[in-house]
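Have a look at the structure below before the remarks.
Just so you know, all these numbers are worked out from the coordinates, no wet-lab data involved. Given the structure is predicted, the values throughout are model-derived calculations rather than measurements. Backbone-built Cβ (ideal geometry, glycine too); neighbour counts: all protein chains shown.
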Amino acid sequence: MLAFGSRPQSGVLTTSMDSSKGFQPPFVFGPYEADISSGELRKNGSRAKIQDLPLRLLGVLAENPGRVVTREELQKRLWPEDTFVDFEDGLKTAVKKLREALGDDAEKPHYIETIPRRGYRFVAQVEQFAPPDPAGVAAEATRESAEAVRGRPSRWKTWVATAAAVFLSGLTFWLLYGRPAFSFSPRASAPDDLSGRFA
């Protein structure tokens, strides 16, 4: 299973985001990895501090890198219709906090470009993680565990071999040094006449 925090591998990388189902898969841009669903932003693997609204703003902008996302579209996507806030101030604050989290500069943007009186454009290249194939993940895990078993002896085999070696060593020592030597002297014979004893 592809875990958040790992870089995309060849064969699992796509370039378009699928937000039509309400789910946005994790994506990568520059040294950053973003998982909007879990509310995480990471830079070079370390979690970066970011609030919910700026992170959701990042998700909307990164869905269509290179395209201007209008202020009206951002208002519809980020604030429900029944919300009464100062939209202009709220959007400016969210953009400012997002730029701070990314270390971006409004004058020389690496990620978020302001398009005066229209909106914002995400200018970095975005790479998306494709959902992993469950059958492929299970097959890979099975193959890796089989290779691990073949590559090293199992623990019980090691214990059995050790116990056998200790037993054989002990038996050899006992046979050589521990038991009394065989005696080949004849046994004392029983008296020939037993009838006199019981009379």
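Below is a table of values for the structure above.
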read-out	value
For the stretch 28-42, Karplus couplings with θ = phi - 60° (6.51, -1.76, 1.60), whole Hz, Gly/Pro x	10, 8, x, x, 9, 10, 10, 10, 5, 4, 9, x, 10, 10, 10
Gained length - Ala163 relative to Lys108, 0.36 nm times residue gap less alpha-carbon distance	12.7 nm
The stretch 20-84: chymotrypsin sites (Phe, Trp or Tyr not before Pro) in DSSP coil with no more than 16 other Cβ atoms inside 10 Å	Phe23, Phe84
For Trp156, Trp79, order by how many other beta-carbon atoms lie within 10 Å, fewest first	Trp156, Trp79
Protection proxy ranking, peptides 157-166, 49-58, 36-45, average beta carbon neighbours within 10 Å, highest first	49-58, 36-45, 157-166
Under Karplus coefficients 6.51, -1.76 and 1.60, residue-wise ³J(HN,Hα) of the stretch 104-117 in Hz, glycine/proline x	9, 10, 5, 6, 10, x, 9, 10, 10, 9, 8, 10, x, 6
Exceeding the 20 Å Cα-Cα cut-off - candidates Lys49/Lys96; Lys49/Lys108; Lys49/Lys97; Lys49/Lys76; Lys76/Lys108	Lys49/Lys108; Lys49/Lys76; Lys76/Lys108
